[in-house]
Amino acid sequence: MVADPRWAPLPPATKAHAIAERVLAARDGSRWLFGAHARWYRLDKVDGRWHLSAPPLNPGFRAATRPMPPGVVIPPELIPAGADFAADRGSTLAFVGPDVPRHITDRVREVLAVHRKVHRPDFPLTEPRFRAVFASDVLSTVAAVWGTIMWCAYAPAFDGNEVLLSMFGEFLARPLPGDDWVRWLPMGSLDALASLYAERMRAGAHEAGLRLAQAMADTAAVLRADARFRPRADALLAMVEPLLAQPWLDQHALDGDAVRRAWLSRCPPTLAWATLSELSLGEHFRHRLYDLAESLAYTAPRGFEPRLVAVALLAADLHELFAAAEPQRGADAVTTIYAWIDDELRQALYLALTDESYPLRACWPRSGELPAALVPPDRDTAAALLGAAYATGLAWCALTGTPSPERGFAVSSAVTRCLIHQRDDPPVEPGPASGWGLHPPLTPPHAGAPGLDRP
């Protein structure tokens, strides 16, 4: 219906009515809606809001849903525009197991070689976020290539031997976070990239500013051949390529955050979802948690409900990072997360963190490994789970203002053990993994939720 060319010009009220007619009522009283971004939403029984939420996969649960009578109010932001249904979601695979293809790394090396051959005084590296990574004499063109890779990556967890990283070895000021096997890198920053360009333009070095934009565009054009980079690479190209044809385009927006906002304004509707981390950290977190639930679909035939397993794994990471040393900070982080998930997932998260007998705690890693029932069936499934789990971890860290752990999250580290046989390096033994001052959610435990009756 939404993909039909006749959908876009319909009046908003007509679209809202058409979507409202397709709301589903489940046997447990929950309400479900397939809407914006071609994803599902669940009506929260407590706050009355629709929350982005991966749908249950339990066949009996799904078969028992029925269309609701008309009359449900659909918020405008949940009504699909049409373009969002055509969006390319790329891939959630991490860069461990499936390497970046050689034809891409070779071309990135060529881009790097071209853009490091510039007049050094014209390209000082003044952006603090890049100065924390690179030696003081490194050119800003090198940082532009690196920053593009990091921003375009869905989940920047890389094999320790990844060629895409090793080609920057001579420029680094210190070892990258992680270990010899996996580099656990932070989420890339569009603001840092825009700052490289804006600083040169403000200094009157317009040619240097455009050269930095060219380095970003050249790198993104190469990266888009890999689905793990493609959505954000396409978005970055849409933002910076116009500058190369119209150098005056951002002259009005060189102060503060204005350049980043100007770039985002040029992102087309089909790619806008790829920039959610720049627009709303909460929405970005919701989508990454949705990805995590989708990556766990292989657990449904094993008797699990993937959406609840995803929250159990989220709880495992929160517990590992905060419980021993900073329980109050952990409680504050969880309170922030509560606002971005529906009442059922909120309750599951609370119980997983506070009740040692809660069945879904059986999903937590033990001694650095996933429980046997959660082990992915093949390499690509494991890499997809690793990417989604790591991206979810980075997303909630950004949302709550928590620094991401340099040696990875508990779940991500455990998933990498499923990929050990894909490389020659020996496995890294993870460290060991409680008081939570959490306020319970406002609803009682939902005993009938699918997946809660068995681990």
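Which of the numbered conditions does THR400 fail, given that it passes all the others? Conditions: (1) modelled with pLDDT under 90; (2) among the β-branched types (Val, Ile, Thr); (3) under 24 Å from the mean Cα position of the chain (by Cα).
Here THR400 meets the rest and fails (1).
Would you point out the residue of the stretch 345-385, among those that are polar (S, T, N, Q) and over 25 Å from ALA153 (Cβ atoms), that is surrounded by the fewest Cβ atoms within 10 Å (Cβ to Cβ)? First the steps, then the outcome.
Our first condition is that a residue be polar (S, T, N, Q); within the stretch 345-385, this holds for 347, 354, 357, 367, 381.
This time we only want the ones that are over 25 Å from ALA153 (Cβ atoms), so: 347, 354, 357, 367.
On the way: GLN347: 23, THR354: 17, SER357: 6, SER367: 10.
Only one residue tops the list, namely SER357.
Results for (1) among the hydroxyl-bearing types (Ser, Thr, Tyr); (2) within 25 Å of LEU394 (Cβ to Cβ); (3) surrounded by fewer than 15 Cβ atoms within 10 Å (Cβ to Cβ), shown as yes or no for each residue.
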{"residue": "THR148", "(1), (2), (3)": "yes, yes, no"}
{"residue": "GLY160", "(1), (2), (3)": "no, yes, no"}
{"residue": "MET167", "(1), (2), (3)": "no, yes, no"}
{"residue": "PRO175", "(1), (2), (3)": "no, yes, yes"}
{"residue": "LEU196", "(1), (2), (3)": "no, yes, no"}
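Return the only residue of ALA258, ALA274 being within 19 Å of LEU236 (Cβ to Cβ), surrounded by 19 or more Cβ atoms within 10 Å (Cβ to Cβ) and of a type in the set (A, V, I, L, M, F, W, C). Steps first, please.
Values: ALA258 fails: surrounded by 19 or more Cβ atoms within 10 Å (Cβ to Cβ).
The conditions single out ALA274.
Looking at VAL73, is it part of a loop (DSSP other than H, G, I, E, B) and in contact with a helix residue (DSSP H, G or I) (Cβ under 7 Å, 6 or more places away or on another chain)?
no
Only one residue in ARG211, ARG174 is modelled with pLDDT of 95 or more and basic (Lys, Arg), so which one is that?
Step by step, each of ARG211, ARG174 is checked, and only ARG211 is modelled with pLDDT of 95 or more and basic (Lys, Arg).
Would you mind finding the one in ALA213, ALA221, ALA192 that is part of a helix (DSSP H, G or I) and in contact with a Phe, Trp or Tyr (Cβ under 6 Å, 6 or more places away or on another chain)?
ALA213
Being more than 20 Å from THR402 (Cβ to Cβ), part of a loop (DSSP other than H, G, I, E, B) and either touching a strand residue (DSSP E or B) at 6+ places or on another chain (Cβ under 9 Å) or of a type in the set (Gly, Ala, Ser) (or both) is the filter here; which residues of the stretch 156-174 pass it?
Hits for the stretch 156-174 are GLY160, GLU162, PHE168, ALA173.
Which condition from (1) of a type in the set (Lys, Arg); (2) modelled with pLDDT of 90 or more; (3) surrounded by fewer than 21 Cβ atoms within 10 Å (Cβ to Cβ); (4) in contact with a helix residue (DSSP H, G or I) (Cβ under 8 Å, 6 or more places away or on another chain) is the one that ARG42 breaks?
So ARG42 meets the others, but not (3).
Give the stretch 277-317 a look and list any residue that's more than 15 Å from the chain's Cα centre (by Cα), within 22 Å of PHE409 (Cβ to Cβ) and surrounded by fewer than 19 Cβ atoms within 10 Å (Cβ to Cβ), or say none.
ALA297, TYR298
The values are calculated or read from the model by the stated rules, or taken from the named source; none is laboratory data. Please read all numbers here as calculations on a predicted model, not as lab measurements. FYI the Cβ positions are ideal-geometry reconstructions off the backbone, even for glycines, and counts take in every protein chain you see.
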